[in-house]
């Protein structure tokens, strides 16, 4: 079994984390996959990598005042063609840099299909939210520690290659690691039976694999499950405790009304580290730009919403589309996503708000003024 790197550097102190956070722009952006890709594999595989579309969409993002995009990688892409994959990552970073956009890369992900396969990806299921997204590692890999050295090699090579690139601001080690797949239970029968225990065992090692490459960027993994994340809370599971113990910067997801969003911030501020909300904005659940951004600016919490351009991910459909696909009538309001496929804002007022909070005079300076 793969073991933690014994010589890994120590976790950053809160002071180091705050110094890094303050040296960056106040993070405002979206989780990014181009409209032409249904998932991470389609985004990055050589046959479907679409730099022209990426350039177009990142230009739209910059026009909205966004400065940070959260982008998912995948271990199978590295296993298939490490050199080519890294070349395409470099190409993406070059495009993002031209638009003044920084990047948070995600290395692993426990959401949606636990049986990813390379090659042509399936077409979207009509009317269904995120019907083609895939997990990394697969259920088979996660359930077999004998395969973990290959996952370690992936993490170490990616972080070693890009860990001193100033265009990258954060490494998100594992997205929603204690998620049981999603799809309203659709994927649960295909998950490894002891998934949470395996993740709890592996995630501290994954942090060590990344930290052992001495990246200049901080590491994180976001909490999303449960109601009480305060220090000492009996609700914290083993995975969450590992996330909080290993993260240099604390990140989290929230798709709730403002009262719960504020409560989550208050709980996490007790850890004394910078905060970034790496997923939010689900209109029909009460999480909206006009509600969340003023709170985040006041509390100096970085904000990265889920969904950017309407496309093959179909995340304008709500989660319940897995039970009742929206094939005849569309949802009354878009769930996620900010722009139509042609770049037109879904709601012009949202575009105005993003530009307002993304302007240099309104980002970190705004947060500092609000706390005075």
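Summary of computed values
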item	result
Pair list, Cβ under 7 Å, 6 or more apart: region 264-277 residue closer than 12 Å to residue 232 by Cα, other residue in a helix (DSSP H, G or I)	271/244
Selection within region 123-161 - within 16 Å of residue 89 (Cβ to Cβ) and in contact with a helix residue (DSSP H, G or I) (Cβ under 7 Å, 6 or more places away or on another chain)	136, 154, 155, 156, 157, 158, 159, 161
Qualifying positions in region 334-356 - crowded, with 21+ Cβ neighbours inside 10 Å and either modelled with pLDDT under 95 or part of a helix (DSSP H, G or I) (or both)	354
Identity of the residue in region 181-202, within 20 Å of the chain's Cα centre (by Cα) and free of Cβ contacts under 8 Å to residues at least 60 places away in the same chain, that ends up surrounded by the fewest Cβ atoms within 10 Å (Cβ to Cβ)	196
Positions within region 104-116 being buried (at least 22 other Cβ atoms within 10 Å of the Cβ) and assigned to a strand (DSSP E or B), in sequence order	104, 105, 106, 107, 108, 109, 113
Of all residues in region 271-286 being part of a strand (DSSP E or B) and out of contact with any helix residue (DSSP H, G or I) (no Cβ under 7 Å at 6 or more places or on another chain), the one that is surrounded by the most Cβ atoms within 10 Å (Cβ to Cβ)	278
Selection from region 117-140 of residues that are under 20 Å from the mean Cα position of the chain (by Cα), closer than 25 Å to residue 310 by Cβ and surrounded by fewer than 24 Cβ atoms within 10 Å (Cβ to Cβ)	132, 133, 134
Residue, farthest from the chain's Cα centre (by Cα), within region 225-244, restricted to residues that are closer than 13 Å to residue 268 by Cα, touching a residue at least 40 places away in the same chain (Cβ under 8 Å) and surrounded by 20 or more Cβ atoms within 10 Å (Cβ to Cβ)	240
Qualifying residue in region 253-260 (condition: buried (at least 24 other Cβ atoms within 10 Å of the Cβ), part of a loop (DSSP other than H, G, I, E, B) and touching a residue at least 24 places away in the same chain (Cβ under 8 Å))	yes
Scope region 143-164; condition in contact with a strand residue (DSSP E or B) (Cβ under 9 Å, 6 or more places away or on another chain) and not in a helix (DSSP H, G or I); matching residues	163
Qualifying residue in region 85-102 (condition: assigned to a strand (DSSP E or B) and at pLDDT 95 or above)	yes
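The values are calculated or read from the model by the stated rules, or taken from the named source; none is laboratory data. Given the structure is predicted, the values throughout are model-derived calculations rather than measurements. Every residue, glycine as well, gets a Cβ built from its backbone with ideal geometry; the counts of neighbours run over all protein chains shown.
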